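Worksheet: one structure, shown below.
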Amino acid sequence: MYRGRHYAFLVLGAFLLWLAVSCLALSVTALAKDNLSYTQFGHTINVGPSDEVGDLTCFGCSIHVRGLVAGDVTAFGGSIAIEDHAQVSGDVTAFAGDLRLTKDVKVDGDATVFGGQLRRDPESSVGGDVTSMGGRGWIMLIFLTPLAVLGLFVALVIWLVQRVRRQAVPATAA
């Protein structure tokens, strides 16, 4: 293991790395105070008709937009509803949730739905690409494939360990 001076340099390096990351995080949050961006975990985000916000990010909840969003709108495990003449300057992304764009809605960027449904009024406007990979099967594929690969890797390691053990056991003399 590490001893003496090597251990002191390792601790000092870890502390300096932590200090640099902390300073960067604090400076980013200080700049973000003017940009009213919201990130929620499990609580719905509502933007009223007279509200103007920055980026919206939601984990395990839904987003309802009726005002102006100056950035991106992203929901993981929740739905996004953009309605009542709302406008989004960035991209709209729903992962494992639905996206609904009603009449006279304007999205300047891309609209992407992965593992959900896209409901779009013909009079809504999307400036970028519209991508929909609907259905919940995609979500299962995304999460089960790495687990299957990990399971096969563990089975391979167990098989190799057992094979090495069998060869290492000496034969008994009769």
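Just a few scattered comments:
- For D104, distant residues with modelled amide H under 5 Å away: E123, S124
- D_trans [Stokes-Einstein, Kirkwood Rh over alpha-carbon pairs] for segment 38-137, 25 °C, 0.890 mPa s, µm² s⁻¹: 193 µm²/s
- Near V130, the amide H atoms lying under 5 Å from its own belong to A111; only residues 5 or more places off or on other chains count, and H is placed 1.01 Å from N.
- Distance distribution note for segment 86-164: the fraction of Cα pairs above 17 angstrom is 57%.
- Between the residues Q117, T102, H64, the greatest Cα displacement towards the positive end of the dipole of segment 38-137, with unit charges on the Cβ of Lys, Arg, Asp and Glu, is found for Q117.
- Put in order of Cβ neighbour count within 10 Å, fewest first, the listed residues L36, L156 become L156, L36.
- If you take all other residues with their beta carbon under 11 Å from the beta carbon of T131, and give Lys and Arg +1 and Asp and Glu -1, the sum is -3.
- Counting every other Cβ atom within 10 Å of each residue's Cβ, E83, E52 order from fewest to most as E52, E83.
- The modelled label-to-label distance between V149 and R166, using points 7 Å beyond Cα along the C-beta direction, is 2.9 nm.
Read the figures in this text as sums done on the coordinates, not as results from a lab. As the structure is a computational prediction, the values presented were derived from the model and not from experiment. Cβ atoms come from the backbone with ideal geometry, glycine included; neighbour counts cover every protein chain shown.
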